[in-house]
Amino acid sequence: DIIDGGDESLLENLDMLPFADFSDFKFSNYKKKMIPTLMGRGCINRCIFCSEWLRFKKYRYRSAKNIFDEIKYQKERYPFIEEFYFNDSLINANIKVLDELCTLLMDDGLAIRWGGQAVISEEMSPDFLKKMNKSGCYWLSYGIESGSNDILKLMRKTFTPELANRVIRDTREAGIDESFNIIVGFPGEDEAKFNETVDLAFLLGVDPR
């Protein structure tokens, strides 16, 4: 017989988790001295093509102090570490936590570089992006997926191509390197809608040909 025990209950307080142990990790084998970590688990969005929100029904996040304490802990144990990569679906799911983390990093003067994936949102303002850069953020990856507003709606995206254009440009002007993802051939996309994506890529200075 097969017995369905239901979904496993999710850990609500991620601050309870111990910091990752890299004591057996041979950093000498790698040119890039980087440590992965995370700000939260899950995603606040419900993009129709993604499985993240199906696996993690609820977005949960760590406190800014807990994230900062781990960064400092790892940096003290491994002084040669230069970079931290946030292995989240999006690091700006809770903009308040991200803002507090930037403040903690800036106040401490911790000399690190960090980056991760982010979602296009109005909260990614020019001033906030500059603050992120000052705190050590050097790279962000955005899931734009399409330059067609119709396709973005079908994907359940929560932004417009116009906002994506603004955020990408402001990210660059803040001194942060960026990359963005594109999905071609999404159900409902015809040649005209595809060309809207091509136009957006050209507008952002990328030749997709």
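The values are calculated or read from the model by the stated rules, or taken from the named source; none is laboratory data. Predicted model only: the values in this text are computed from it and were never measured. Cβ atoms come from the backbone with ideal geometry, glycine included; neighbour counts cover every protein chain shown. Each accessible area value is taken on the protein alone, full model and side chains, heavy atoms only, with ligands, DNA and RNA left out. Shrake-Rupley method; radii C 1.70, N 1.55, O 1.52, S 1.80 Å.
Here is the figure for segment 84-114: residues that are touching a strand residue (DSSP E or B) at 6+ places or on another chain (Cβ under 7 Å) and on the phi > 0 side of the Ramachandran plot total 0. Do we have F68 as within 21 Å of G115 (Cα to Cα), of a type in the set (F, W, Y) and outside any helix (DSSP H, G or I) here? So F68 fails the test.
So which residues in segment 167-183 are farther than 15 Å from C50 by Cα and among the aliphatic types (A, V, I, L, M), if there are any at all? Hits for segment 167-183 are V167, I168, A174, I176. Within segment 61-70, the set of residues being open to solvent by 10 Å² or more (accessible area, probe 1.4 Å) and either of a type outside the set (S, T, N, Q) or on the phi > 0 side of the Ramachandran plot (or both) comprises Y61, R62, K65, F68, D69, E70.
Checking each residue in segment 71-81 for being part of a loop (DSSP other than H, G, I, E, B), of a type outside the set (F, W, Y) and open to solvent by 20 Å² or more (accessible area, probe 1.4 Å) picks out only P79. In segment 31-48, the residues that are within 17 Å of G136 (Cβ to Cβ) form Cβ pairs under 8 Å with partners that are small (G, A, S) and at pLDDT 90 or above, at six or more places apart or across chains, as follows: I35/A20; P36/A20; T37/A20; M39/A93; M39/G116.
Residues that are surrounded by 11 or more Cβ atoms within 10 Å (Cβ to Cβ), of a type in the set (D, E) and touching a Ser or Thr at 6+ places or on another chain (Cβ under 8 Å) do occur in segment 42-54.
Residues checked against (1) closer than 15 Å to S121 by Cβ; (2) touching an Asp or Glu at 6+ places or on another chain (Cβ under 6 Å); (3) not acidic (D, E):
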position	(1), (2), (3)
S135	no, no, yes
Y142	yes, no, yes
E145	yes, no, no
S148	no, yes, yes
A164	yes, no, yes
D177	no, no, no
G188	no, no, yes
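Does F84 fit the bill of being open to solvent by less than 60 Å² (accessible area, probe 1.4 Å), outside any loop (DSSP other than H, G, I, E, B), within 22 Å of S28 (Cα to Cα) and at pLDDT 95 or above? I'd like the intermediate steps shown before the answer.
On the way: open to solvent by less than 60 Å² (accessible area, probe 1.4 Å): yes; outside any loop (DSSP other than H, G, I, E, B): yes; within 22 Å of S28 (Cα to Cα): yes; at pLDDT 95 or above: yes.
So F84 passes the test.
For segment 1-32, what are the residues that are open to solvent by less than 80 Å² (accessible area, probe 1.4 Å), in a loop (DSSP other than H, G, I, E, B) and at pLDDT 90 or above? Spell out the reasoning first.
First, pick out the residues of segment 1-32 that are open to solvent by less than 80 Å² (accessible area, probe 1.4 Å): 5-6, 10-11, 13-15, 17, 19-20, 22-23, 27.
So of that shortlist, the ones also in a loop (DSSP other than H, G, I, E, B) come out as 5-6, 10-11, 13, 17, 19-20, 22-23.
Residues satisfying the conditions are N13, L17, F19, A20, F22, S23.
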